[in-house]
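Here the structure comes first, spelled out in C-alpha cells, and everything after it is commentary.
The values are calculated or read from the model by the stated rules, or taken from the named source; none is laboratory data. What you are looking at is a predicted structure, and each value in this text was computed from that prediction instead of being measured. Because the Cβ atoms are built from the backbone with ideal geometry, glycine has one as well, and the counts that use them run over all protein chains shown.
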C-alpha cells in the first residue's frame, strides 16, 4: 500500500504537475518581488501599495499550498496548510480594512507573518526532500531549485519584518513598520541571499544574526543542490525501495 502511494507520488503525471506548479510559483514570486521592490517608488498611494501586497499574498499562498499537495500522500498536511492560508488571508483582509487599530494591529500582523513563515518553512522542507529523493530531469530540478531558493529569501524577508514589527529599530531608523518596512526587509533578505551590498550598518544586531543564518542556509542549499544535480538517480536511490519508503513516509500515517 505504501509502495503504491509512493509510486503515485513520483509518477510521470505527478512530476508533470510539480513542474507546472513550480513554474507558476516562480512566476508569482517574480511578480511579487517586482511589485514589492518597485511600487514604493512608482506609487505614492499607500492604499494601492497595500492592496497590491494583499493580492500578491493571496496568489502566492494559494500557489505554494497547491504545490504542497504534490509532496506527500498525507492528506492532513496540505489541508492544514490550506486552512492556515485561508485564515491568514481572511484575517488580514478583514482586520486591516475593517477593524484596524494602530495599537493591536502590530500584534495581529506579527501573528499573520509568523504563520506565513511557518507555512513556507514546511513547503521548503517538503520541496527539499522531494528534490533529493524524487526522480527528475535537469529541467525539473532547475525549476524546483529556483522556486525553493526564492521562497527561502521571501520567508527570511517575512521573518525579518516580523522582528521589525516588534522592534522598530531592526531595519534602522526611519523605516516604518508597514508594507514599506516589509519591502525593505525583502530587499535586505535578497541582498544577503545573493551576496550583494545589503547596507548592514543600519540594522540591529539580532537582524545581522538572522541574515547570517540565511546566508549559511543559502550556501548549504547550493552545496546540496550541486551534489544532487551531479548525482544520478541510482546514486540517490530508488524512492520506491523499502528503506526509502520508510524514510519518506512512516507506515502509521496511512
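Of all residues in the stretch 88-104, how many are more than 17 Å from the chain's Cα centre (by Cα) and closer than 19 Å to residue 52 by Cα?
10
What are the pairs with Cβ atoms under 7 angstrom where one residue, in the stretch 46-66, is over 28 Å from residue 18 (Cβ atoms) and the other, located anywhere, is modelled with pLDDT under 80 and not in a helix (DSSP H, G or I)? Sequence gap at least six, or different chains.
That search, which allows pairs on different chains as well, returns 49/43.
Name the residue that is farthest from residue 119 (Cα to Cα), counting only residues in the stretch 67-82 that are in contact (Cβ under 8 Å) with a residue 12 or more places away in the chain and in a loop (DSSP other than H, G, I, E, B).
Applying the filter and picking the extreme gives 73.
Residues in the stretch 156-168: is at least one assigned to a loop (DSSP other than H, G, I, E, B), at pLDDT below 70 and farther than 26 Å from residue 25 by Cβ?
no
Every residue, every condition in (1) in contact (Cβ under 8 Å) with a residue 60 or more places away in the chain; (2) surrounded by 15 or more Cβ atoms within 10 Å (Cβ to Cβ), yes or no:
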| site | (1), (2) |
| --- | --- |
| 89 | no, yes |
| 100 | no, no |
| 142 | no, yes |
| 148 | yes, yes |
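State whether the residues of the stretch 115-129 include one that is over 24 Å from residue 85 (Cα atoms), in contact (Cβ under 8 Å) with a residue 12 or more places away in the chain and surrounded by 15 or more Cβ atoms within 10 Å (Cβ to Cβ).
For the stretch 115-129, residues over 24 Å from residue 85 (Cα atoms), in contact (Cβ under 8 Å) with a residue 12 or more places away in the chain and surrounded by 15 or more Cβ atoms within 10 Å (Cβ to Cβ): absent.
Looking at (1) at pLDDT 85 or above; (2) surrounded by 15 or more Cβ atoms within 10 Å (Cβ to Cβ), which is the one condition that is false for residue 18?
(1)
From 153, 202, 172, grab the single residue that is modelled with pLDDT of 65 or more and buried (at least 19 other Cβ atoms within 10 Å of the Cβ).
Just one listed residue meets the conditions, 153.
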